[in-house]
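Take a look at the structure set out below.
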Amino acid sequence: MSISLRQIASALALGLLLSACATGPQAPAAPQSAAAPSDAAIKGLSAQVFAYAYPLVLMDVTREVMTARVPPNTFGHKRSFPDAGFSAVVSPNADTLYSTAWLDLSAEPVILSLPDTHGRYYLMPMMDAWTNVFASPGKRTTGTRKAVFAVTGPKWTGTLPPGVREIRAPTDMVWLLGRTQTNGKQDYAAVRRLQDQYRLLPLSAWLRDGAARAAAAPASLPAAAVVDVETPPVEQVAAMDAQAFFTRFAALLPANPPAADDAGMVASIRRLGIVPGAPFSVTALEPSTARAVQEGATAALAGIVAAARHGGQGAEWTMHRDLGNYGTAYGKRAVVAWVGLGANLPADALYPGTRVDAAGQPLSGAHRYVVHFAKGQLPPTDAFWSLTLYNDKQAFVANPLGRYAIGDRDRLKYNRDGSLDIHIQNSRPPAKQAANWLPAPPDAFNLMLRVYWPRKAMLDGTWMTPLVERLD
């Protein structure tokens, strides 16, 4: 998969990031005024703004779906790894147990209380409403001792209690996507005890009743509009017409302001007739202009999907060292959001992936493969690593061992020279190789190497993932 801004721009034949749209003179009136640009220009402008807005709208729909089950400012914990029957999330994880929460900072800060994990690796990355990771408390950045943080919104002013460290969020909407190292099913109990000590509490309640209040059960959700919790958020956004999409985008802008570097895009938003906090209506436009707005939004989404699905890949593993904080790379940000929200900063984790062997041929369980790590050339990490196998639907594969990933926390058998071979095949290998066997389906599959807290050699490209060698 390729997610470069250049490729998504190419995918949008309308000129998704046309510089004239981004920096041209600003018009105070809506596009239907006498000075309005042509319908062709409106079409390109609509596509451009759609790609910029897409992550924000998708985040909000995802928040709505998830908080229909778990209230805002409350942790929801995954207590076990997914199995081969799990399909709610693509490319599931068998390394960590998740602890997630949606924070609403519009009224006041939220206190995050973390226990001493006694050296166990964990991270609590926080994404703003635009999907940028703005803070990542955890072993890499803040250590593993007990800590208390206050996550504050962009407009908040005030004084925090002694011993509480401030984390300033750029937007009132924040997604906290915590992960705790879990060393197999036998480690569930220990991790669950830590999860029970991850606590969130509004600042006012913390000041009034202290940390003990954080253990109280969350209040039930108030009555609200019916939320579709069955349809995936990506599909819900895809079903929106341009008016619904841009109206939702406009409603989100006051609490989730664009970054300072987005000044050119803010001008484009204004030129399209979008006003923060006000509904966007195509009925006030000329019919041809309204069609242009819709066609631009439709083309933008098609370009995002095309860039995500049809990126080229050679024999080398695909790895992106620039996710989690996108700056003005709006195309890349949109594609990553479509593929899956929650990308970590490279310093926290890297995820090389491949669908082909060393000869560039698609991986298939009809063949046998090996990934060979030479002595001293295991994935460079200050935490841990694993190799995970997925079928063509990016789901785990049922197998006799119930093994979906293999890595440095398993009882691996090393070769006499200190090297390591991971055997990947459908049939059970000889007994001496079984400890290092990653079972494959009989047909197409792909691999993902997860490296948490990667070292400099991986971050700068000095260390490269070994190619997948076919044995037959």
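Only one residue in Phe75, Phe86, Phe50 is in contact with a helix residue (DSSP H, G or I) (Cβ under 9 Å, 6 or more places away or on another chain) and surrounded by fewer than 19 Cβ atoms within 10 Å (Cβ to Cβ), so which one is that? Step through it out loud before you land on a result.
Values: Phe86 fails: in contact with a helix residue (DSSP H, G or I) (Cβ under 9 Å, 6 or more places away or on another chain); Phe50 fails: surrounded by fewer than 19 Cβ atoms within 10 Å (Cβ to Cβ).
Just one listed residue meets the conditions, Phe75.
Among the strands (runs of 3 or more DSSP E) confined to region 149-215, the ones with at least 3 residues that are surrounded by 15 or more Cβ atoms within 10 Å (Cβ to Cβ) are located at 173-181, 199-202. In summary, Ser91 fulfils each of the numbered conditions (1) over 30 Å from Ala329 (Cα atoms); (2) surrounded by fewer than 22 Cβ atoms within 10 Å (Cβ to Cβ) with the single exception of condition (1). For Gly402, the requirement of being part of a loop (DSSP other than H, G, I, E, B), in contact (Cβ under 8 Å) with a residue 60 or more places away in the chain and on the phi > 0 side of the Ramachandran plot is met.
Can you confirm whether Thr298 is over 25 Å from Asn132 (Cβ atoms), modelled with pLDDT of 95 or more and in a helix (DSSP H, G or I)?
On the way: over 25 Å from Asn132 (Cβ atoms): yes; modelled with pLDDT of 95 or more: yes; in a helix (DSSP H, G or I): yes.
Judged against the criteria, Thr298 is a match.
For region 414-429, filtering for residues that are part of a loop (DSSP other than H, G, I, E, B) and either at pLDDT below 95 or surrounded by 12 or more Cβ atoms within 10 Å (Cβ to Cβ) (or both) leaves 7.
Look at Ala94 and say whether it is touching a Phe, Trp or Tyr at 6+ places or on another chain (Cβ under 8 Å), in the same structural domain as Val174 (by TED's automatic domain parsing), within 18 Å of Val191 (Cβ to Cβ) and assigned to a strand (DSSP E or B). It is false that Ala94 is touching a Phe, Trp or Tyr at 6+ places or on another chain (Cβ under 8 Å), in the same structural domain as Val174 (by TED's automatic domain parsing), within 18 Å of Val191 (Cβ to Cβ) and assigned to a strand (DSSP E or B).
Hey, any hits in region 440-461 for a residue that's part of a loop (DSSP other than H, G, I, E, B), of a type outside the set (Gly, Ala, Ser) and either closer than 16 Å to Ala315 by Cβ or without any contact (Cβ under 8 Å) to a residue 60 or more places away in the chain (or both)? Lay out the reasoning, then the answer.
Here is the first cut: in region 440-461, the residues part of a loop (DSSP other than H, G, I, E, B) are 440-443, 453, 455, 460-461.
Keeping just the survivors that are of a type outside the set (Gly, Ala, Ser) gives 441-443, 453, 455, 460.
Filter once more, keeping what is either closer than 16 Å to Ala315 by Cβ or without any contact (Cβ under 8 Å) to a residue 60 or more places away in the chain (or both): 460.
Yes, there is a match, as at least one residue in region 440-461 is part of a loop (DSSP other than H, G, I, E, B), of a type outside the set (Gly, Ala, Ser) and either closer than 16 Å to Ala315 by Cβ or without any contact (Cβ under 8 Å) to a residue 60 or more places away in the chain (or both).
Within region 123-148, if we keep just the residues that are surrounded by fewer than 18 Cβ atoms within 10 Å (Cβ to Cβ) and of a type in the set (Ser, Thr, Tyr), the residue that is farthest from the chain's Cα centre (by Cα) turns out to be Thr144.
The condition of being β-branched (Val, Ile, Thr) and either under 22 Å from Glu166 (Cα atoms) or in a strand (DSSP E or B) (or both) holds for only one of Thr74, Thr62, that being Thr74.
The values are calculated or read from the model by the stated rules, or taken from the named source; none is laboratory data. Note that the structure is a prediction, hence the values are computed from the model and not measured. Cβ atoms come from the backbone with ideal geometry, glycine included; neighbour counts cover every protein chain shown.
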